[in-house]
Amino acid sequence: MAERLREAALVKDLAPRGMPAALDRFFSRLAAEGRAPEFAQAEDFAASAQSRTVFRTLLTALSRFAPEVPTAAAVPVKRDWDAWLNGRYNTRTPRPRRSRREALRPEDWPAPWRDTLPCLEKRVRRDGRRYRPLAQKTRAAVVQAVGLLALAREHAIAEGREPGDGFTPELAETFLGFLIGRVNPASGEPIRFGTIADYFERVMCFAARAELYGPDGEASFGEILAACRAEEAEETPAKRAAMRAFRETHGLDGVLEAAVAASEEARDLPGHSDKAARLRRKAVVFALLVNGVDRQGDLSEFRIGRDIVRRADGTWEPAFRQSKTARWKENGPLWGLTGLLIDAHLLEGRPAWCIETRIAELDGRNLLSLRDEGFDTYHASKLLREAFGISGHLIRTAVTDLLRRHRPDAAWAVQRLLGHSVEWMQERYRSEFAEVASVEKYHAALEMLVRGGASADPKQKRRKRG
């Protein structure tokens, strides 16, 4: 380091000013604390810089003259200084956001509907059928659909019609006409028949539990549901077109190659940089989506040492309860490639021998954010859309189709891979391939199929900066 500083001084290349002094303070602090540079802590960076400018000068100096010093530990200090700067200068009052909510809230529903809402959270028996409590996400979807039905009823009343409080044939026709005339508030596109059918299914779920059907009401709602499903089958699914474009342009091996490329690009950046953190996170998300085929909502909730654990041999293994089905999912260890990308994500530029220490430090924290709080449910899809224009849900479809085409006669494996409770749920993930089934030891088989001879192993490049 001293020789690099001397050469820079000779050619008067020491901008920004103050780099020698910043380095001197930093290494003097480490010497006083008895710590090697590889074990620098956040407090060392904080104590060596009394202002944001000095702190940024120190990081620049370390990148230029001591790139062997890991700077990932400076991230909390960087975050604190950025928060201070934003709090000082970004003091404008944010503009209020305009809500896109259309469905009526339960307090605005007809009284008979509102009074029976708790049945969604209880175990009930209706006409000899037992209904279990709905999961939180499913319950929210049902409430939103019934809220739209209540809004459709209000529109009918405003037009001089009186559909009543019961779930009657008149109310079913009113709801259908209301939905056909609507557009998606986010995209501006007309609502598809498949979406209308989903709304009718949720409304019928509520009506059966709450015993709100009028005479012939259940039959009318059921007939419209069947008709919408038939129309859905005639539509050209956007999902099918997106899948075809993805396979032709990228493919699953392309997702893994993008994961490796992102991790390698992050190696050449300072360990404390936001860009490096995002690249490492992207690499982990891409690899996990292809390897584990988990729902993006579950993936976004993984906790280190809880939902995903590093075994003694260095492999990583997820085991968790799925949020959508509440079923336990445990499919064995992840691929070696995925494990290497997770290790790099946790190390943040530190030497590989620090991994056990990092796992202990991050125990219980969110895998993607490396903090107590995680990202939103659709963070994985945002990263995928940026790179490939598809969602995490379509990765599940692509993997299922791949296995069906190449591995016959093991339908249980697709069921287990997707985490479904019943085998017929696989039908929702078909795109355009003939019915074939799946795989024994599907993780190993899937890796072979996805990578298919393509060299996706990460190149062991020398780390240039901390």
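Using only alpha carbon positions, build the gyration tensor of the range 46-198, then give the equivalent ellipsoid semi-axes as the square roots of 5 times its eigenvalues, largest first, whole angstrom. It would help to have the intermediate numbers written out before the result.
Values: eigenvalues 614, 90, 50 Å².
Ellipsoid half-lengths, sorted descending, are 55, 21, 16 Å.
Evaluating 6.51 cos²θ - 1.76 cosθ + 1.60 at θ = phi - 60° for every residue in the range 111-116, the Karplus couplings come out as 4, x, 6, 4, 5, 9 Hz, glycine and proline recorded as x. In order along the range 389-394, the Karplus-derived 3J(HN,Hα) couplings, from 6.51 cos²θ - 1.76 cosθ + 1.60 at θ = phi - 60°, round to x, 10, 9, x, 4, 6 Hz, and Gly and Pro are given as x.
You can think of it this way: the chain between Glu68 and Arg161 has 25.9 nm of extra reach, that is 0.36 nm per residue less the Cα-Cα gap. Taking every alpha-carbon pair within the range 176-230, the share separated by more than 16 Å comes to 44 percent.
Label separation (Thr195 vs Asp372): 3.8 nm, computed from points 7 Å beyond Cα along the C-beta direction. Under the rule of at least 5 residues apart or a separate chain, name every residue whose amide H is placed under 5 Å from the amide H of Val309. Long-range HN contacts for Val309: Glu317, Ala319.
What's the extension gain from Asp127 to Asn184 if we count 0.36 nm per residue and subtract their Cα-Cα distance?
Details: separation 57, 0.36 × 57 = 20.52 nm, distance 3.62 nm.
Computed gain between Asp127 and Asn184 is 16.9 nm.
Given R₀ = 35 Å, FRET efficiency for Arg311-Ala46 by Cβ-Cβ distance, to 0.05?
Values: r = 35 Å, r/R0 = 1.01.
Computed FRET efficiency for Arg311 and Ala46 comes out at 0.50.
Given the convex hull of the Cα atoms of the range 265-313, what is a quarter of its surface area in nm²? Could you put the intermediate results ahead of the total?
Working: hull surface 18.1 nm².
Answer in nm², one decimal: 4.5.
Measuring from a point 7 Å past the Cα of Asn86 along Cα-to-C-beta, which residues in the range 283-302 have an amide N at less than 18 Å? Within reach of a label on Asn86: no residues. Simple spin-label estimate for Arg327 and Ala36 gives 4.9 nm between the two label positions (7 Å along the Cα-to-Cβ direction from each Cα).
Take the Cα of Thr138, go 7 Å toward its beta carbon, and the backbone nitrogen atoms of the range 209-225 under 15 Å from that spot belong to 209-210. Taking the range 348-401 as the region of interest, what is the percent of Cα-Cα pairs per 10 angstrom bin, listed from the shortest bin to the one with the maximum distance? In order of increasing distance, the bins hold 20, 33, 29, 19, 0 percent. The phi-based Karplus calculation (6.51 cos²θ - 1.76 cosθ + 1.60; θ = phi - 60°) puts the 3J(HN,Hα) values of the range 273-288 at 6, 5, 5, 5, 4, 5, 5, 5, 5, 4, 4, 5, 4, 4, 5, 5 Hz, whole numbers, x for Gly and Pro. Gain on full extension, evaluated as 0.36 nm per residue between Ala111 and Asp274 minus their Cα-Cα distance, stands at 53.5 nm. Charged neighbours of Arg129, selected by a Cβ distance under 13 Å, balance to +3 (K, R count +1; D, E count -1).
Rule-based calculations on the coordinates, nothing more; no lab input. Since we're looking at a predicted model, the values are computed, not measured. Backbone-built Cβ (ideal geometry, glycine too); neighbour counts: all protein chains shown.
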